[in-house]
Structure formats: structure tokens, C-alpha cells
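**Student:** Just dropping this structure here.
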Amino acid sequence: MISTVLVANRGEIACRVFRTCRELGVATVAVYSDADASALHVREADAAVRLPGASPADTYLRGDLVVKAALAAGADAVHPGYGFLSENAEFARAVEDAGLVWIGPPPPAIEAMASKTRAKELLGIAPLTDVTEADLPVLVKAAAGGGGRGMRIVRDLAALPGELAAASAEAASAFGDGEVFVEPYVENGRHVEVQVLADAHGTVWALGTRDCSLQRRHQKVIEEAPAPGLPSALVAELHERSVSAAKAVGYVGAGTVEFLVADGRAHFLEMNTRLQVEHPVTEAVFGVDLVALQLSVAEGAPLPPEPPAPRGHAIEARLYAEDPARGWAPQTGVLHALEFPGDARGVRVDTGYASGDVIGVHYDPMLAKVVAHAPTRAEAVRRLAHALSRARIHGPVTNRALLVGSLRHPEFADPDRLDTGFYERNLDALTQAPPGEAYAAVAAALADAARGAGRFGGGWRNVRSQDQIRAYGEHEARYRPTRDGGYEITAPEGVRAVHVTPGRVRLDVEGVVRDFEVARHGDTVYVGPHRLTARPRFPDPREQTAPGSLLAPMPGTVVRVAEGLAVGDAVTAGQPLLWLEAMKMEHRVTAPASGTLTALHAVPGRQVEVGALLAVVQADTPSDVRTEAVTDVRTEAGTDVQTDAPSDAQEEEQ
């Protein structure tokens, strides 16, 4: 029997495994990089071991150090989680060679399926080797790993060599394996997968289907089970092919077989030889604990002949610290509050963060997975959207508003319209300022006034004076303190202050009374789901950015500069100038306008903070220089950053 489990991972998945271990009476061991010394998964474990490493991003890839940590802490089993070493057969063998129980599939099964090229060969599917114009568009993919890293869509044959090299470099950085391959690119299909679970006695379960079609940068955003609207014959085919794939390699443990469904046909993508991020939706529908079953199977216990019967529908949303309106740019900083409503029935939250934690630059920016389960799909969607909208999330920009808008979108409500092109079609509309933001600005203004109010309220005068003005982002609120300690709102019209405190403001908006919870951290004010930036009425001219300045949109490392680029060179609008790496993704910084490069401060290997000056482009026509964010622009100073991964194709798991 397993008594102590070391989780060779971090964050949310480590916390998730620890939760099941506690319920089973199994002790837990965490490993951590220097950047994660105070992380939640370290705090929740019974014991923790530091992993020394050259960089925080590579620390969790040191299998030799993980095995040493397990032995030092007295663990007798290792759970790999997902990502990092979870699909590394060499690591699995090292765990077993050390006399530890490997909570995962046999190393030969990992080798057969973890490489996408070998998996396709095993199933008789050959990748493209001699690409012609007739094959376009094609998708360049990393043979190992996932998460959209090492992926490129190629629509121009001349661009193929460069994209192959770029994908290989990114894959090598993320997974330690630069092998890539090319396959046909199927546009706007549905990403459907099957959860399998196998024991060492020949039993293989197919635990239904999941739809993971809503994606950005090849990473899933919203997942659900079962996949809605699939014909029963297609579901049976998916189950049969998935079970056959598992049996073909002698699979043991939890795994997922992924397909792209288009025109009624299922195209095999890959088999992930580990637990998936979205496994909670399957757990909810089938009433099982997949982590507990992983441990049971690893101990040699047999599965029942048939899995439990499914019930209801479950849907999961991934909450990320990122800005969807600016190219999904990852965000960093202090997470002042991360709290979900405690009365949300049928809602589960898996997270690796707690209020007060810091979101750093080294790892994936997923804050939490929020899951809702209900008898029907419509009810599950409604519960999830409601729970997300009521959550207190104070800190860096997140995709919360996008998630709520996606769940409530009429296209999402219709399973026949689900496909991987959802965000390509709807992103602009979903990233508009949420309704009610102007009233949230009024609440922020009054709360700020109350926070500094004296005996008669901030700014009250015996003789009526001009309006007090407070600005938040694009909105201004105008008000006058009243003799009785209240506030008269003069703009926007139709708003009356009912009750004001620094933390809560009650407004009457054209006859409808609403409460607004307000919290301020520095210049950022959080009003319910709204995140507002307090704007000075008279900005300091010294803080203005010169036209053409390219500022770092996120903390990261300069990985390379365009070959031969030098000060004095002529550049064209959209021309790639340099690349930043943040959270294991490369982000391309391009020229904001055609002109001359007058300064270049970016040097490969240099670590930069948000707002660091990278370069300056003097535009041929000054009016061409962007000085504020526009669609697809990643920074307010005109830096055009593009993540080097497509957003509307076959998706890969992190």
C-alpha cells in the first residue's frame, strides 16, 4: 500500500493530488523551485523539498533531483501531475529503478504515445514529409509536450522553413525536445476527447467524452462533459478507438485520447499519457475521483468490469491571469483576493493560489479551474457563469469577463455552432468594456471620497462650489458633497447615492437600487467584477511616453533580436523586431509603424519588467505611431506583441 506520495509538479495540480491523498490518509511531499518557495502547494504538503536549478522554469524538469527528493523525504510513490515530466518515460523508469511506485502508465506505453509522431505511426497515420502547395494550410507541431508550445499554422510554403525552426526552438525550450512534425490543418473542427482508465488486469474504461473546442493559443479555455450534440454512433466509435489505442500499448492508469471532429468524422490527434487539466468534468459526471483511482491502479487493484453510469452535465472554465484584449498577454503581480461564493451549489474550484500570493513570470498563468455540475447543460452553464461573475478577484487583469461572456454567448448555447474558431469570430465583441462600468466608476469615486472624508464629507463647502471629478479609465464621475454628509451625483445622469462607505456603495440607477462592493489597491479599484484604474486629472508630463517607444508589455526575458537589426535601420509596420519569453511562451514584438529604428535597448538574455523601454521607432509619418492600445496591440505605448502560436487550430494540452 502507498503511504507517502511525492508530487513531481507544482501549483493547482499538486494541490489537487494532495487533496485526494489527505482524504485517503496518504502523506504528501511537495517539491519546489526558488520561485515557488512560498507557493500554496508547498504550504499544503506535509513535507517539501527544494529543487536547486539554473532557472525556475527548468527546475521541475530535473528528474534526477525529483527522485532524490522522494528518497530523502521517505516517499514510496511519485505522482507526476501534468506537464513537466508527466510524459517522460526516462523519468518514469528512474522512479521505478529507485524502488518507488510510479503513479502513471508503464514507460513503454509512454514512449509509444507521448511522441505524437510515434503515436500516429502506431495507429497507421503518417505525418506529411514532402509538403506542397496543395497540402496548405498545414500545422507544425512539437512531437513532445503541449500547451500550444512549438506550434505554427503555415499558409505560405515559403514560410515553412522558418516556422519549422521557430517551433523547434520553442519546443526545445519548453520540453527539452526540439522534434517537430507537420500534419494537415483542419480549420474550425471540434476538439473532442475520451478519458480512459486502465488497470493491470486488462480492463479499460472509456469514461465518456469531453468537448474542449473553446481555445486560445492552442490551449483550452472552457471544457465540458459529455461533448454535446454528438451522434451516438460517433460517440461509440470514439470510445472504441480510444480503448483500442490503450490496449495496443498495454496502457495502465489514466489517459486521454484526443480527436478533431469535422464533417462527422473523427481525426486522431494524440494520446496524452497522464491526467488532463480538465479531468474534473469527467469526475463530476461519473461520480469518481480519478486521482484516487490512479493510486488504486498503481497499487495493483483491479477496476470493476464497467465504469459507473454518467449523470448530468459538467463544465469547466480556466481562469487565467491574462489580458484577452491584448493578445492574451500574461499578467503578473500580487493577487490581493481570490474568493468564490460559498453558496454556489454544484460548483468546485481547483487552484494553486490563495489571496495574497504573487503571480510570477516563470509558469503558466492559470489561477484556477472553476467547475459546475448540474442535471442539464444549460443549468451547468448558468451556475458556472454566475459563480464566476460573483467571485472576488483582485489583482492582475484576468480573463474572467471573457469567460462569463463566452458562457452566456448565444453561439455557445448551440452545440451545433461549437468549434475551435469561436474566439476568432467573437473575441472583439467579448473583450469590449463590460456593461455597467460607468456606474462602477461612480461607486469607486464615492468610495474613494468616503475613504478620505472628514466631518462633513470630502470636499464639502458652505458655499456651493464646482463638481468634484474623479476619473477611472475612460469614465469620469462628477459629484458634490451635501450638507448632510451625502453626495449629489451630477454625472452620469440618472444616478443617486443611497448609502456610501469606503467598502460598499449603494446606488439608485434610474429607479433600480444596486450594491457595489469596492476595494482599492494602489491605483487600481475593484468594483464587483470591474477592474478600474484611477486616472489623475492632471497627468505628470514626465510620465508620458515618447511616440514610437516600444515598452515591454509583460515581465520576461529577451530571447532574441531580429538578425542584423541595428539602430538606424529602416523598419516597416508589423516587422518583427525582437522576442520576449514569458511563462514558457515566446511573444513577438513588432514595429508599431514604418520608420527608422532610433534606439535598441533589448539584448538577448536581458530580463525586463513591465514598461521597460525595449526600442524606439521614429515613424515616417508621426500620425502613424500608436500611442494607446488598439485591437491586437499588447501595450498602451504602441508595442505590438504577437504570441507565436495560432489561436484557432487543433489544440494541445499544457
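The values are calculated or read from the model by the stated rules, or taken from the named source; none is laboratory data. A quick note: this is a predicted structure, and the numbers were derived from the prediction, not measured. Methodologically, a virtual Cβ is constructed for each residue, glycine included, from the backbone with ideal geometry; neighbour enumeration extends over all protein chains shown.
**Student:** Can you name the number of the only condition in (1) part of a helix (DSSP H, G or I); (2) at pLDDT below 95; (3) not small (Gly, Ala, Ser) that Val381 fails?
**Tutor:** Evaluating Val381 over (1) part of a helix (DSSP H, G or I); (2) at pLDDT below 95; (3) not small (Gly, Ala, Ser) leaves (2) as the failure.
**Student:** When you check Ala266 against the structure, is it surrounded by fewer than 24 Cβ atoms within 10 Å (Cβ to Cβ), part of a strand (DSSP E or B) and either touching a helix residue (DSSP H, G or I) at 6+ places or on another chain (Cβ under 7 Å) or not acidic (Asp, Glu) (or both), yes or no?
**Tutor:** yes
**Student:** Can you tell me how many residues in the range 231-260 are more than 29 Å from Pro106 (Cα to Cα) and within 27 Å of the chain's Cα centre (by Cα)?
**Tutor:** Going through the range 231-260 one residue at a time, the tally reaches 0.
**Student:** Can I ask one more? Of all residues in the range 320-353, count the ones that are within 24 Å of Glu517 (Cα to Cα), in contact (Cβ under 8 Å) with a residue 24 or more places away in the chain and small (Gly, Ala, Ser).
**Tutor:** 4
**Student:** Here's a follow-up. Select, from Ala519, Ala534, Ala497, the only residue that is modelled with pLDDT under 95 and either among the β-branched types (Val, Ile, Thr) or in a strand (DSSP E or B) (or both).
**Tutor:** Answer to the check: Ala534.
**Student:** State which residue is surrounded by the fewest Cβ atoms within 10 Å (Cβ to Cβ) when the search covers only the range 467-488 and only residues that are under 38 Å from the mean Cα position of the chain (by Cα) and assigned to a loop (DSSP other than H, G, I, E, B).
**Tutor:** Glu474
**Student:** In the range 404-418, which residues are closer than 15 Å to Ile315 by Cα, surrounded by fewer than 16 Cβ atoms within 10 Å (Cβ to Cβ) and not basic (Lys, Arg)?
**Tutor:** Ala413, Asp414, Pro415
**Student:** Is it true that Arg93 is of a type in the set (Lys, Arg), modelled with pLDDT of 95 or more, outside the structural domain of Lys141 (by TED's automatic domain parsing) and in contact with a helix residue (DSSP H, G or I) (Cβ under 9 Å, 6 or more places away or on another chain)?
**Tutor:** When the stated conditions are applied, Arg93 passes them.
**Student:** Condition first: farther than 28 Å from Arg152 by Cα and either at pLDDT 90 or above or in a loop (DSSP other than H, G, I, E, B) (or both). Can you find one or more residues in the range 576-592 that meet it?
**Tutor:** There is no residue in the range 576-592 that is farther than 28 Å from Arg152 by Cα and either at pLDDT 90 or above or in a loop (DSSP other than H, G, I, E, B) (or both).
**Student:** Out of all the residues in the range 121-136, which are in a helix (DSSP H, G or I) and either in contact with a Pro (Cβ under 6 Å, 6 or more places away or on another chain) or of a type outside the set (D, E, K, R) (or both)?
**Tutor:** Selection gives Leu122, Ala134.
**Student:** Determine which single condition Glu133 fails, assuming it passes every other condition in (1) farther than 22 Å from Tyr423 by Cβ; (2) among the charged types (D, E, K, R); (3) touching a residue at least 40 places away in the same chain (Cβ under 8 Å).
**Tutor:** (3)
**Student:** To continue, here is another question. Of the numbered conditions (1) farther than 28 Å from Phe286 by Cβ; (2) in contact (Cβ under 8 Å) with a residue 24 or more places away in the chain; (3) not aromatic (Phe, Trp, Tyr), Gly356 fails exactly one; give the number of that condition.
**Tutor:** Failed condition: (2).
**Student:** Identify, please: which residue in the range 158-210 is part of a loop (DSSP other than H, G, I, E, B) and among the charged types (D, E, K, R) and is, among those, farthest from the chain's Cα centre (by Cα)?
**Tutor:** Asp199
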